[in-house]
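Before any comments, here is the structure.
Bear in mind that the values in this text are calculations on the coordinates, not laboratory data. Nothing here was measured: the structure is a model prediction, and the numbers come from that model. For neighbour counting, all protein chains shown are included, and Cβ atoms are generated from backbone atoms with ideal geometry for every residue, glycine included.
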């Protein structure tokens, strides 16, 4: 490795050739022969170069005192441990490095390679620590003076396997035992070639919690900027997984010893390490930056050369993570100062280029110079950063000092940049709305399932609200707080259909909350934007800004944060974990997969190439937004799919032994993937839709477990991704290539993926060439999304919030203090609100369809969208219209037919099921009309809609064609549905009507029949029924007693009450049947009390009873109310109930005349039949009465029976005139 | 009539162990002349119901039932016309209607072979004339007609009040030209939870002191006083369910509520004691009050 650099430094090899060699193996003919020869000898090490280079740079910069937000997880004590800092002036490391960078002969370089690689494979010790956010007590520190290169390195896996367990401590210099990865023949998969070392992921502890894997490619400088997410937050799988692997540690110890032995024997003396950081300034805010001076750069040429090689590697995507390198470079740019090294280190080397042994960065000046050099090469990427970052860069005084030209370009880029990454409001919880089409009873197997789901929905939101309120409280625990409630709820989901309902709700809520649009266009939650705009955008804007400030989410946690579930996503993750329901997970996976497939098929209408004017731009904005919504939804869904799918396999670390791993692999390779992501990826690549497919696939894979990358299936996916990554060279900008920002997005997400703990680090550097190169389908390439600028800066930052770490780094530099704990970078949520467009209709058959396709081909895409949209809506409306008209008419017919049937069947007693069949057989044939009517509807409605939506200037022929196509499509849609469903629909509706009618026949006869409303002139001022019932109840209670002596009722009050009753009964505005029934009943009770003279009258004590004339008048009023005003049956037979008649028994003397009067009137007014009364009287006689009372009753009975069937009017008249002349039965 | 928690507590304090008779109500009105009668009655009724819920169990032990029944038999044995049952209820601090139910149930157990079903009991309470024993029929009737918190008549009155306020609200909505779906329409469409009204186009209600208005999708009418207990029950059974399905909405407690309960405004459940006057409709400015 070092030899290569050496050759470069000696100008034996050109940088271009070197990079070519690294990237492609350099069999290329282009390079000159000398170069090829120089390089070919190094061939086996080719792959080692980039890791080496990156490590080299990290190591070289190890004395840099970085700046950047401190890591809050660190305790003050930890700063004392700074020497252990990233690759920090390493104990023995220096020695290692001098070995690693030998002046000559490839052989020695090759011999050193394993060590280099191993060292390189991982990070310096400081990074290892930083990734765990651990202090001095961390594992590495504990084992003391181990080599820094080893400290962070992965333990060779073979050492852990039994096959090696027999042996003595491994000889690390032995290439056979520890072959460099580069020497492994291409194509050998790790698991099939036992000799190949697979680096086990952990240097256990820090790793176990899925901390950011800051492998050697991560920033070398010990603080990962930004707060480390807390353990629980950062772990994608919630509950902490216990860490550690004892045996690993022992092995490490073994290796460490061996290594130190080796180092002692090493001819190059190891540089002593400044002890324990006492000499180091503390890495805190009080640290002032050393000024950087271009004149003091020590070896320009060498730095330029390395910068060029490094930049070329970045440009060729030979580094795993572009943004991580940029972060590193910015760290160099903003280095506060450098720790003083041994004087020997600082001595300028005699040679022009400087000796390779001398440190690359000897001062801050060197660092800054190098950084600026690299930044110059990376200007294209920089110019795509957000305005804030550009501003900070352009204002950076070091950058200005070292390269005014770059500063000028950055300033220009800043001024030209319009995109500002805006902060979106964190979405408020908004519930998924209830949609009768999918949520009503008809969608459930049983009433029980329906009602269970009803309750579940409520429990779900209750849980969600509680989470919202409490999850930030210290000490609150999801599982403890909500776990049992969630499980109880899930336990009720018995039917499969209920599961699918719940999953739909869950998924919708997930999309709504976690990807909730907010911001753009002033809409909140997609709710009636106009309403809000009425209130004034000003106020809302201010409020929103305030809210943003108050609720700014945490920084994303370093340039390579681990997969996490920020914000509301945590709720859904924890819900899944707490529910622990196999069925739920399965349904969820099904549903997520389906939705992902659906969204992945998203088709973006082609932008109009012809007209680049504002009009096209408007469309274009919408399309871009649509793309963003789809992409973000996909990422969210895929993340959860990955989470659920790999949940059962998830563990803190890979299996400890090869045997175990092999058996797991054998098992796992049996399991079909939950979603055929490989096929989708291949399709996506072939169809040039990587920009849509890869970002969600990355989310999916980021949640895979440790075994997954070893499975053939997924391994091939990683190969494809690596191949893609390599191919996304940003500087290439030819036609038909992917757009720049599209590429940048893919590079960012892929780079991030390669840093995920579960993705083996060697994957990136090992994979080579053996990929079945995917074929680009040239046919479809022009329609692919990749070539369309669908990604904008906003989307880039939304998908990759960690890019914002760059800005944060620069901002801290400006603030001059690293004491501020971040918070600049916020989680960006999308600002788009558009729903997905209607899926394109498939019209595949027939010439007409082909013609239609051809017609659209040369029209602006908006035309096609309009036509399809109109057709879709009109078709759907047509179905609704048919339901509301034809079907409703049929239902009416059914109801009247049913009424007839019921009348005829009353005697026979028909079976409702039979009735339904009869009705359906009569009515369903009418369903055929639906198709005709549907066709008419579509023909009538579609053209107008198309006309209204297309531009006025659309040529007539185009317009009419569009109309015709819209009509055709609408008819197709409507008629397809109708012909398949109309019969079932009619049946269902008729069935519902039948049961409605039959129910109405049942216990509530009052609800039936036509009811009269109040008269048109009525002003609804009548007393309220509730008041009346209350008032009558009071009278009844006074009458029934017990009562206070002063209590009573005035006759006027009674009259007034009955008058009001009349009014209320005539104004029916507020009257409901139950109230009317009670009024009827109360009025009967009142009548009985009147008849029995039981109403206590207010007045002088002598006259405690109602005058008989008054009583009679009141009874008369009641009679007429019963006859004319009540619309419910009045329970008049109560008048002759034993209890009410019994009231008479208490009066002395008993007066029967009012009763007789009442009975006669009832008969005369037709309120009761004689027979009915006779029956009542008959049953009265069966009751037990005092003997005298029974006799009187019998007399009354006889008297009533003796009366003529039709009473003579004179008699009645005379009775009314002389109320007191009533027959006193007792005397007769 | 929006009361502070303190005001409410003061009223509730006066209601401890007061029998639910018309006499008690009369006294209550005299004690708090400034409060509306309906509000007082509603509070009284709710407080009394809480009291009954707390003490319900002790009246339903078999010993208690037996002792009540014996006392009843003894009482009517002496004088069937005296208000034996009503006085018994008042004496043991239990609702007369519920006491009637206990005795009736016990009576039927004694006189019929099969234990009476709930619906039979209910129907006898609604129409005591059907009770085979004349004396008991009178006693039961006396209880139900004198009870102002329980019993079929009271139930009917409450139902009627609720209905009337829904009608009132409907009229107000029609008057303001706000189109809506009512409960019946929603039920017909198969909604699983049905507020009284869902607005087909949401409105915004402005509040005098707030920066922002509140969006209202649905309105629920409650012809009662919103006290803590009932409000929490409604939140759990209804309001949140509506929110879960239809978004933010408005609850009108026509007889007032405890001010402190109106704390979910930001979350999307708004309380009012009358129909809001300051509403903004889509495409229009603030409606004139």
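A few notes on this one:
- Working from Cα pairs under 8 Å separated by at least six residues, relative contact order for region B:161-281 is 24 percent.
- Antiparallel bridges, percent of DSSP beta bridges restricted to chain B (to nearest 5): 50
- Counted residue by residue at 0.36 nm each, then reduced by the alpha carbon distance between them, the extension gain from residue A:888 to residue A:1174 reaches 98.2 nm.
- Cα-based helix-to-principal-axis angle, B:134-146 vs chain B, degrees rounded to 10: 30
- Cα shape, region B:2-56, gyration tensor, a/c 1.5 rule: oblate
- With contributions of -39500 (n - 2.57) from each DSSP H run of at least four residues, the per-residue ellipticity at 222 nm computed over chain B stands at -16500 deg cm²/dmol.
- Using the average count of surrounding beta-carbon atoms within 10 Å as a protection proxy, the listed peptides A:753-763, A:450-460, B:149-159 rank, highest first, as A:753-763, B:149-159, A:450-460.
- C-alpha long axis of helix B:96-111 to longest principal axis of chain B, angle in °: 50
- Shielding by partners for peptide B:272-282, expressed as the average number of C-beta atoms from other protein chains within 10 Å of each residue's C-beta, is 1.
- Rounded to the nearest 10 degrees, the angle from helix B:37-59 to the longest Cα principal axis of chain B is 50 degrees.
- Along principal axes, Cα extents of region B:60-146, largest first, whole Å: 29, 27, 22
- Taking a ≥ b ≥ c as the square roots of the eigenvalues of the alpha carbon gyration tensor, region B:161-281 is rounded, as a/c is under 1.5.
- Protection-proxy order for peptides A:1186-1195, A:462-471, A:388-397, each taking the mean of Cβ atoms within 10 Å per residue, highest first: A:388-397, A:462-471, A:1186-1195
- Dividing the mean sequence gap of close Cα pairs (under 8 Å, 6+ apart) by how many residues region B:60-146 holds gives a relative contact order of 32 percent.
- Computed lengthening from residue A:1199 to residue A:487, 0.36 nm per intervening residue step minus Cα-Cα distance: 248.9 nm
- Residue B:130-residue A:1066 FRET efficiency (beta carbon distance; Förster radius 35 Å; 0.05 resolution): 0.65
- Shielding value for A:1027-1039 is 5, the average number of Cβ atoms from other chains within 10 Å of each residue's Cβ.
- Computed from label points 7 Å out along Cα-Cβ, the spacing between residue A:472 and residue A:660 is 4.1 nm.
- Judged by the gyration tensor of its Cα atoms, with axes a ≥ b ≥ c, region A:854-1000 is prolate; a/c meets the 1.5 cut and a/b is the larger of a/b and b/c.
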